[in-house]
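Below is one structure, written out as structure tokens; the observations come after it.
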Amino acid sequence: MPLDLGAKGSCHIGGNVSTNAGGLRLLRYGSLRGTVLGLEVVLADGRVLDCLAKLRKDNTGYDLKQLFIGSEGTLGVVTAVSILCPRKPKSVNVAFLGCSSFQKLLETFQICRGMLGEILSAFEFLDAPCMNLVEQHLKLSNPITESPFYIVIETAGSNAAHDEEKLHNFLDKVMTSSLVTDGTVATEETKIKALWSIRERITEALRYDGFTYKYDISLPLEKIYDLVTDMRQHLGSRAKNVVGYGHLGDGNVHLNITSPSKDPDLLAAIEPYVYEWTSRWQGSVSAEHGLGLKKRNYIYYSKARPAVGLMADVKAMLDPKGILNPYKTLPDH
């Protein structure tokens, strides 16, 4: 399955398609927009739209399935999916590394892309506050020396010896150049799962830290962590924790802010500041989870008014009575 995300134990593929979920390995396999070959969708008037093609190439008119991928159920209900599944890799390695600064983390990523190339399947990051939360609330152990930033790198290929040699050469380069301060590598499934759990269970750890305000932002790589540091300075002592983690390979940061309880004053300090900041750097206010109910009125920070107007026209054509997932995605007016 060319999709892997923290909610994989409970989520459904129809919902994944409807939110265009990205997940942990978009760097390797691309988004659902590229891997979904066809859809069956029930429209608002009860018609069943059969676009359940299995062909990789079909240029007979408009690619209608794309209307429903990422539309959050506002245009139709996805009832069947035809999806392109790659071969399962025979060789998987996971490296967990520490970096002393975000700039060195970015430099490590550029070298990683150049040296690991075709076998690179994931490049994730988390900051020290995230590590503190999983240690404190979930009792997970940090497998390396304490660092300001951590990286999870996964390689997946067909030749274990080839992949391990490439990974060894990459690690040797970033360690000798002091881009990486410490690291560990796992090749056995149990150890791989243990390393991945540090990254995947951050959301769970945040639940124990208090009320959480969650933001899913995409930005130019060099600006990703500036959002987190600027938000810390902006909020000061009003927030309990301000943490950043996510898919560096995709330019996607998950900004999470916790407080002891739900705090309207804190929310007013966060929004619209976070969206204004994102818009200033031409980012997206929702990288992979959709706008839903809470973010629909912030759509103009990322979309031009003519584009939003066309979206409303499509909605009115396919769902004139507004019965499909009402009050979602499109702004109030």
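The values are calculated or read from the model by the stated rules, or taken from the named source; none is laboratory data. Bear in mind that the values here come from a model prediction, so they are computed numbers and not experimental data. All Cβ positions, even for glycine, are placed from backbone atoms using ideal geometry, and neighbour counts span all protein chains on display.
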- When you look at SER218, is it hydroxyl-bearing (Ser, Thr, Tyr), within 22 Å of PHE102 (Cα to Cα) and surrounded by 20 or more Cβ atoms within 10 Å (Cβ to Cβ), yes or no? yes
- Note on the structure: Of (1) surrounded by 14 or more Cβ atoms within 10 Å (Cβ to Cβ); (2) in a helix (DSSP H, G or I), MET317 fails just (1)
- Note on the structure: Taking segment 132-170 and keeping residues in a helix (DSSP H, G or I) and under 23 Å from LEU27 (Cα atoms) leaves ALA160, ALA161, HIS162, ASP163, GLU164, GLU165, LYS166, LEU167, HIS168, ASN169, PHE170
- Give me a count of the residues in segment 75-121 that are touching a helix residue (DSSP H, G or I) at 6+ places or on another chain (Cβ under 6 Å) and either in a strand (DSSP E or B) or within 30 Å of GLY322 (Cβ to Cβ) (or both). 11
- Query: Has segment 211-222 got any residue that is out of contact with any Asp or Glu (no Cβ under 6 Å at 6 or more places or on another chain), of a type in the set (Val, Ile, Thr), outside any loop (DSSP other than H, G, I, E, B) and in contact (Cβ under 8 Å) with a residue 60 or more places away in the chain?
  - Reply: yes
- When segment 174-194 is checked residue by residue, the ones that are surrounded by fewer than 20 Cβ atoms within 10 Å (Cβ to Cβ) and assigned to a helix (DSSP H, G or I) are MET175, THR176, GLU189, THR190, LYS191, ILE192, LYS193, ALA194
- Message: Consider segment 109-151. How many of its residues are surrounded by 14 or more Cβ atoms within 10 Å (Cβ to Cβ) and either of a type in the set (S, T, N, Q) or assigned by TED's automatic domain parsing to the domain that holds GLY30 (or both)?
- Response: 4
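Quick one: is ALA268 among the aliphatic types (A, V, I, L, M), buried (at least 21 other Cβ atoms within 10 Å of the Cβ) and within 29 Å of TYR208 (Cβ to Cβ)?
no
Taking the options GLY34, GLY61, name whichever one is under 21 Å from the mean Cα position of the chain (by Cα), over 23 Å from LYS328 (Cα atoms), surrounded by fewer than 18 Cβ atoms within 10 Å (Cβ to Cβ) and of a type outside the set (D, E, K, R).
Sole residue among the options that is under 21 Å from the mean Cα position of the chain (by Cα), over 23 Å from LYS328 (Cα atoms), surrounded by fewer than 18 Cβ atoms within 10 Å (Cβ to Cβ) and of a type outside the set (D, E, K, R): GLY34.
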